[in-house]
Amino acid sequence: MNPDEQILAGYRGWLRKMAAAMTTPNLTEDLAQEGWIAMWRALRGYDSARGALPAWLTYKARARMLDCITDLAWLGRPRRHLG
């Protein structure tokens with residue numbers, strides 16, 4: 001396991017709990033995976049001047065999961081084309 005994976009491994013439980021609280025059981029794992037990817041990307045671009053690492057990672061994961069939920073609200077509805 002590389003160092004990034006070791007850091008992120010401690011967040012698996014948190015990601016699943018957060019995803020379960022945000023969506024239905026059939027989408028929990030997918031939402032947790034989106035959070036994991038967001039954390040991985042955030043870790044790669046982390047700058048200590050932005051704050052503590054745990055706060056940065058959880059902020060990025062939560063924001064991505066909320067974006068996914070917002071996108072899910074559009075399922076089954078036609079989207080208007082802008083422009």
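Among M1, M39, what's the order by accessible area (1.4 angstrom probe), most exposed first? Write down the numbers at each step before the final one.
Details: M1 155, M39 0 Å².
The ordering from most to least exposed comes out as M1, M39.
So what's the angle, to the nearest 10 degrees on a 0 to 90 scale, between helix 53-72 and the longest Cα principal axis of the chain?
Tilt relative to the chain: about 10 degrees.
List the extent of the Cα atoms of the chain along each of their three principal axes, largest first, rounded to whole Å.
43, 34, 20
Top to bottom by accessible area (1.4 Å), largest first, where do L27, L57, L66 land?
Details: L27 55, L57 0, L66 85 Å².
The ordering from most to least exposed comes out as L66, L27, L57.
Measure off 7 Å from each Cα along the Cα-to-Cβ vector at Q33 and A9, then give the distance between these two points in nanometres to one decimal.
2.1
Tell me the accessible surface of R50 in square angstrom (1.4 angstrom probe, heavy atoms of protein chains only), to the nearest ten.
Around 140 Å² of this residue is reachable by solvent.
Which Cα, out of M22, Q6, G51, lies furthest along the positive dipole direction of the chain (beta carbon charges, K/R +1, D/E -1)?
M22
So how do K60, K17 rank on accessible area, 1.4 Å probe, biggest first, that is with the largest at the start? Before the final figure, lay out the partial values.
Numbers: K60 70, K17 155 Å².
Most to least solvent-accessible, the answer reads K17, K60.
Suppose the chain between K17 and R44 were pulled fully straight at 0.36 nm per residue; how much longer would it get relative to their current alpha carbon spacing? Please report the intermediate quantities before stating the final value.
Values: separation 27, 0.36 × 27 = 9.72 nm, distance 2.36 nm.
The span from K17 to R44 would gain 7.4 nm if fully extended.
The values are calculated or read from the model by the stated rules, or taken from the named source; none is laboratory data. The structure displayed is predicted, hence computed values, not measured ones. All Cβ positions, glycine included, derive from the backbone under ideal geometry; neighbour counts span all protein chains shown. Side chains included, ligands, DNA and RNA excluded: accessible areas come from the protein's heavy atoms. Shrake-Rupley method; radii C 1.70, N 1.55, O 1.52, S 1.80 Å.
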